[in-house]
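First the structure, in the form of structure tokens, and then the observations on it.
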Amino acid sequence: MNSSDHANPLKISSDRLILSARANLTQKIMAWVGQAFLFFVASVAATAVLFIIFYIARDAIPFFRLRGFQEFFGSTRWYPSGSPPVFGALAIIFGSGLVTVGAIVVTAPLGLSAAMCLSDILPFSVRQAIKPIVEILAAIPSVAYGFFALVVLAPLLQEDGGPILAVTWYIVALPSLTIGIIMASDLLTFRITTEKKRSMARRLLALGLFAIALPLVVFTGQILFQLKITTGTNALNVSFILGIMALPTVVSVSEDALQAVGRELREGSYALGATRAETIIQTVMPAASSGILAALLLGVMRALGETMVVWMASGNAAQIPTPWFNYLEPIRTLTATIAGDMGEADHVTGSARYHVLFAMGFLLLLLCFVCNMLSEWVVSRQQKKLRGEV
Amino acid sequence: MNATPTPLDFRPFGESTPRPGNPVKSIHVDPKGAQDSVYVRATDFSIFYGRAEAVCKVNIDIYAGLVTAIIGPSGCGKSTFLRSINRMNDLIPSCKTSGQLLFDGVDVYDRRLDVTVLRKKAGMVFQKPNPFPKSIFDNIAYGPRLHGVKSQAQLAEIVEQSLLQAALWDEVKDRLSANALGLSGGQQQRLCIARALAVNPDILLMDEPTSALDPNATSRIEELISELRGKYTIIIVTHNMQQAARVSDYTAFLYEGALIEYGETRQIFTNPTRKHTEDYITGRFG
Amino acid sequence: MRISTRKLLDRSFSSVGVISIALMGLILLVILVPIFRKGIGALVFEATVEHRRLILDNFDHGDDLELAAEIKSAREARQPVYEMVQAFESRQQAKIDSLRPDLETLAERDDSMGRLVARRLKRLGPDEDFLEQVETIQQLVPRLREYGDGDDAPKEIAAISSGITRITSQTLAFAELKEVLYDLLGPAPGEPMPQLTRKQYGQTRWEKARETIDHLFFIERWDYSGPGMGTLVREPRVEQFRETEIEPLFAYVEGHAEAMLQPRWTLYWGFLTDKPLDSHIFGGIYPELIGTIYLTLGAILFAVPIGIIAAIYFTEYAKAGRLISFLRACVSTLAGVPSIVFGMFGLAFFLNVWQLPKGVLAGSLTLALLILPVIIRASEEAIRSVPHTYREAALSLGAGRWRTIVTVILPAALPGILTGIVISMGRAAGETAPIIFTAAASVAAPLSLNPLQAWDQPTAALSWNIYNLCTEHEAADEIRHVQFGMVAVLITVVLALNLFAIILRARIAKKLKG
Ligand SMILES: Nc1ncnc2c1ncn2[C@@H]1O[C@H](COP(=O)(O)OP(=O)(O)O)[C@@H](O)[C@H]1O
Ligand SMILES: [Mg+2]
């Protein structure tokens, strides 16, 4: 049955439903070839990372063959061009760790409270307006951050580092001290039953605590104020900038995690009379904890792998600061060492000097790989949890 | 769904006399004597999603040139069955079939079958209007271009004919290059019908084509179906029983994947043989 | 806890959140504002006549007639300065000449001292540079002392020695003054043109000229006599030249600085289109800009087709399974590789194994690897968000799988894919670490616009040269404006790309809403 009166000029020669064996075969082969091509391209793209691991490892292994592990991981003496050369990377590994920890200390409180604010406190329209800030922070190239650290921040720290630190300390410490004391005095007087007595005790206790704590805060502030910073290109500078660079990742990933917790849980908590802060801290945060952990891991990855900022603004001194937590001394990181030393080393491919940099690169790759795997694992666990599979 | 008023009214909304173009009762096809006018024939045909059987052992003959309605409660397998006819179920990896489904005498699930040709012969209209985000012209010309029509003049001809058939030409002839998403819902659905007609199919598969439309647009689509009747074999899935009664010659009632009853629409709605069917069409469940 | 305490905690909690967001905004401003404020200074500034001379000499932009008039009037304004200097010099010369008779007496002696003095005398004379003459005599005096230190020493030696000491005290100050003047105005008329471009011109930027003028007026030195770090002392230079011909120079310069340099607000587009001169002390950043464009487009060229095809495979063809989830894990690992490691891989693989030359191609390939995961993810997401109904419609009309993808799905996903491409362009433009070993050169001729000639050339690039200029340049402090300009240009490029992406995304959202 066909509409022959229909003026449709569409004529199809092969309008037969059943293909000949041959046509069928060609069609199948074509489909297979096409799909194989797509698979090939996709797997090349995906397995690029295996190539990377392989080629980095291939140039890293000769170093350990030549010099073993002892020196690399055990010594803090880094004299690659001395005679005889010494390749102790411990101080450099320590430097990487130090700035990464510093970056997380900056980024975690800031990023998490920003994420909570975005997901639970601000209305939707404001949130849309704020998103670009995070996006711009993420988009600024690392060399620009490095330039800022070197040209703007470092002189500032060197000139007025002490006062800046002191002011920061007061801004952070005074409000948290006040709130902490109010909370503590309330909690500690919980057992007193008479309302009048209790209120009296609470006030006395608060005053007492304040009298003890305030001098401590001021004392610390004074010490910070007097601090003389000999060089602005130090671990503190770099940690601060790396923390800012990790912020966008931490904010957006942990915000997603907080949003994923869902309405019901929040409403359940509000229904029990909890305030917003209590809801977020006691209910939402634990439920989103793995997502937040993943966010922090990604932040660690960003800080650990960053090159330009540390190369430009860390001072590049291969030493463990004294004392080891002294953030005001220059340090050196794995990434900066690779970037800085390759220029002298790559003429002599095959030397320990060249391969030691690949050993560092491999170490870096390994650390980032572990962070990545951990964060994926943590996220997938949370998803399973939300689906009720665990 | 609304309770169906009985006795049933076979005429479209607001029409007191049957229209000449809508001769529902004038064609009579004898199911037994009309072997060569059977266009789709299912024999013990079952469809599974993984383990779950969505359609089980259906035996049905669908006649050429007539409008066949498939009714049944939500989730009974109407769409699944309809989509198996042009093998749209291939998209779902877990979907498997057993038994036989003949389309124009050819086994649809034959391994040598050319799905492209099958789908060209079986145009489909979906529940929600789904024009491409392209111009009206390009929407209609999409199918013909696909099947090798290149000349602009021929394409223009096809577009006009298809739009005329879908009763949309007068409304859109001045803005063929406008984006199709700018049309109203009813117009979009007629555009989709025109698009399906443009590849010159033998059969039109319509999956609840009016469920997303307002009553006015619905009645226009129903009129259109009546106009297309006789030129195309039409299978329409609906769970609006008045609609089935108004537009179809034959009606099949599916329930939980099984074909409960199949026969002339008039007979199904006035004198169902099965208790189940009666319960359904009188609105006792569903 | 009491209700009021709980409320207080709640409120402070909220304000901590709001404050941290405000802080983020503030940090962004603190970073961007100085960079843009100073960066604009590379393009818009008060340029002196020296700048216009430089531009005309080296790049041939500008109006030579107008400039000639300007130079003439500037020269006239400078003339009195040179005259004062001249007058001072000739008086000093006269003083030197007054030592001559004594020297000549010594030269007549018939011993080694006499021969030495005779030799030195040849270097003295009104034709010789006056400062050099002073130096010659200064060096001569101690040697004369060596010859005769006893009582029998000729009395001329003492006379010469005391005479030269008197001259020297003002000469040193004069030499310094002349150097500052040179910095300000460039070579004096009649002086031979030096080789280095930076020596051929005076201050080209008015704000720098003002600093130099300040140096002219005041001597700065650090006084460490007190306790602690030492204090900066500024002494007027004029004190050293009281009652000499130089004394009125300071007042004159103060009054005529603008006439001497003719500062004028200028929009210097050449910063983007001119070659740098004398390692970026003058000129623009054209090679960096073109290098960045080459590297970015090259990276896109390689990464986009592969990325989109991979995304199509993962979304449309791949069936769930071990192999596929392994491949997906690989892509996500690739996204987490530190950028410096990409650079090392580029060095170890593209340069050492494939034997590509260090240049645009190797750099682009390395950057392509870096942005590949971004493009794959963005494209996957865009393809996934194409409504399923489009696919069904196309298939039901008899389109094959591939035809459906090409004619319906990709066009519908295009804005989303483009967003990903644009964002990754920004990423590629800003990255430094991957190109350090594979493409970057600190000093390089601008790339040819013909890719066939450019592909194997190492190139300057904005990101790399920002690093290079502010850490390795010999006069990094002197060319801050160039560095700020480069950073501002780089950030502008990247942010413009991101803005474009944001707009694209907003349009998609609108479209999806209908
Ligand atoms: N993609 C699918 N995967 C698994 N089960 C499905 C899928 N689509 C439909 N089903 C199941 O098949 C049955 C029939 O569905 P359908 O044909 O859509 O019903 P109807 O169109 O009659 O409402 C339902 O039980 C439904 O849950
Ligand atoms: Mg359905």
Ratio to report: Rg/Rh of the stretch A:219-310, with Cα atoms as the point set and Rh obtained by the Kirkwood method; give two decimals.
-> 1.18
Can you tell me the dipole magnitude for the stretch C:405-489 around its Cα centre, using point charges on the Cβ only (Lys, Arg +1; Asp, Glu -1), in Debye to the nearest 20?
-> 380
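What net charge do the residues around C:LEU232 carry, taking every other residue with its C-beta under 10 Å from that of C:LEU232, with Lys and Arg at +1 and Asp and Glu at -1?
Summing Lys/Arg as +1 and Asp/Glu as -1 gives 0.
What net charge do the residues around A:PRO84 carry, taking every other residue with its C-beta under 15 Å from that of A:PRO84, with Lys and Arg at +1 and Asp and Glu at -1?
+2
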So what's the gap between the Cα centers of the stretch A:249-280 and the stretch B:86-128, to the nearest angstrom?
-> 48
By accessible area (1.4 Å), largest first, C:LEU410, B:LEU66 order as C:LEU410, B:LEU66
Value of D in µm² per second that Stokes-Einstein yields for chain A, Kirkwood Rh from Cα pairs, at 25 °C (0.890 mPa s) = 95
Where the centre of each part is set by its Cα atoms, how far does the stretch C:351-401 sit from the stretch C:38-93, in angstrom?
-> 56
Show C:TRP464, A:TRP377 ordered by accessible area, largest first, where the area counts protein heavy atoms only and the probe is 1.4 Å.
-> A:TRP377, C:TRP464
Mind checking how much accessible area A and B bury in total, 1.4 Å probe, in Å² rounded to 100?
-> 2100
If each part is reduced to its alpha-carbon centroid, the stretch B:208-260 and the stretch A:158-179 end up apart, in Å, by 75
Accessible area of C:ASP183, 1.4 Å probe, to the nearest 10 Å²?
-> 80
What's the Kirkwood radius of the protein assembly as shown in Å, using all Cα pairs?
-> 37.7
Loss of accessible area when C meets A, both sides summed, Å² nearest 100, probe 1.4 Å | 7100
Under 15 Å from the Cβ of C:GLY400, count the other residues' Cβ atoms, weight Lys and Arg +1, Asp and Glu -1, and hand me the total.
-> +4
Mind pulling the per residue volume of the convex hull built on the Cα atoms of the stretch C:182-283? Å³ is fine.
-> 169
Volume in Å³ per residue [convex hull over Cα atoms, computed for chain B] = 135
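Quote the charge dipole size of the protein assembly as shown about the Cα centre in Debye, to the nearest 20; the model charges only the Cβ of Lys and Arg (+1) and of Asp and Glu (-1).
5940
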Accessible-area ranking of C:PHE500, A:PHE362, largest first, probe 1.4 Å = C:PHE500, A:PHE362
Quote the accessible area belonging to C:LYS199 in square angstrom, nearest 10, computed with a 1.4 Å probe and with ligands, DNA and RNA left uncounted.
-> 90
Whole-angstrom Cα spans of chain C along principal axes, big to small | 118, 72, 52
Calculate the tail of P(r) for the stretch A:130-217: the fraction of all Cα-Cα distances greater than 23 Å, expressed in %.
-> 56
Within the protein assembly as shown, percent of DSSP bridges classed antiparallel, to nearest 5 = 65
In nm², the average projected area of the convex hull spanned by the Cα atoms of the stretch C:277-513 is 15.1
Would you tell me the accessible area of A:VAL253, worked out with a 1.4 angstrom probe on the heavy atoms of the protein chains, in Å² to the nearest 10?
-> 40
What are the ³J(HN,Hα) values, in whole Hz, obtained from phi via the Karplus relation 6.51 cos²θ - 1.76 cosθ + 1.60 with θ = phi - 60°, for each residue of the stretch C:52-60 in sequence order, with x given for Gly and Pro?
-> 5, 5, 4, 5, 5, 4, 9, 10, 6
Once amide H atoms are placed 1.01 Å from N in the peptide plane, what residues at a sequence separation of 5 or more from B:ALA64, or on another chain, have their amide H within under 5 Å of its amide H?
-> B:VAL38, B:TYR39
Before rounding to the nearest 500, sum -39500 (n - 2.57) across all DSSP H runs of length at least 4 in the protein assembly as shown and divide by the residue total; then give [θ] at 222 nm in deg cm²/dmol.
-> -20000 deg cm²/dmol
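How much area per residue is accessible in the stretch C:50-263 when the probe is 1.4 Å and only protein heavy atoms are counted (Å²)?
Using a 1.4 Å probe on heavy atoms only, each residue of the stretch C:50-263 averages 56 Å².
Out of the total accessible area of the protein assembly as shown (probe 1.4 Å, heavy atoms of protein only), what percent is carbon and sulfur?
Carbon-and-sulfur percentage of accessible area, whole number: 60.
The values are calculated or read from the model by the stated rules, or taken from the named source; none is laboratory data. Since we're looking at a predicted model, the values are computed, not measured. Cβ atoms come from the backbone with ideal geometry, glycine included; neighbour counts cover every protein chain shown. Areas reflect the complete protein model, heavy atoms only, side chains present, ligands, DNA and RNA absent. Shrake-Rupley method; radii C 1.70, N 1.55, O 1.52, S 1.80 Å.
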